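The next block holds one structure in the form of structure tokens; read it before the comments.
The values are calculated or read from the model by the stated rules, or taken from the named source; none is laboratory data. These numbers come from a predicted model, not from an experiment. Backbone-built Cβ (ideal geometry, glycine too); neighbour counts: all protein chains shown. All accessible areas refer to the heavy atoms of the entire protein, side chains included, with ligands and DNA or RNA removed. Shrake-Rupley method; radii C 1.70, N 1.55, O 1.52, S 1.80 Å.
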Amino acid sequence: MPGFCQFLTGVYLIVGLTWFNVFGSAAPLYMAGLAFTVYGIHWFAMAHRRYTGSSAAPDGWMAIAYLFVSVLGAYVFGKAGDVPVMIIFIVWP
């Protein structure tokens, strides 16, 4: 369920920003939508690998991609002046 909720939130943000322009032109929301979607997809991938009994080795390689997402998120929210969210991108993942 956590992966589905994160994925749904990310898609909701991206669709609202791109198709309907509901949230205005808040550039950091694009980063939030990307991060939510990526983290939600990762939950699905982990669950599928555990369900099928596959190796957990790809999780180590995914850490590189998540490092990139975390650095990008910290930069975007730091540039926007939203320090609490920037700290979440540094500490949380």
Could you pull out the residue among Val85, Val71, Val76 that is open to solvent by 80 Å² or more (accessible area, probe 1.4 Å) and farther than 20 Å from Phe4 by Cβ? Val71
What single numbered condition from (1) under 17 Å from Gln6 (Cβ atoms); (2) open to solvent by less than 90 Å² (accessible area, probe 1.4 Å); (3) not aliphatic (A, V, I, L, M) fails to hold for Trp43? (2)
Taking the stated definitions as given, is Thr18 of a type in the set (Ser, Thr, Tyr) and touching a Gly at 6+ places or on another chain (Cβ under 8 Å)? no
Can you report the number of residues in region 16-33 which are under 19 Å from Gly73 (Cα atoms), open to solvent by less than 60 Å² (accessible area, probe 1.4 Å) and out of contact with any Phe, Trp or Tyr (no Cβ under 9 Å at 6 or more places or on another chain)? 1
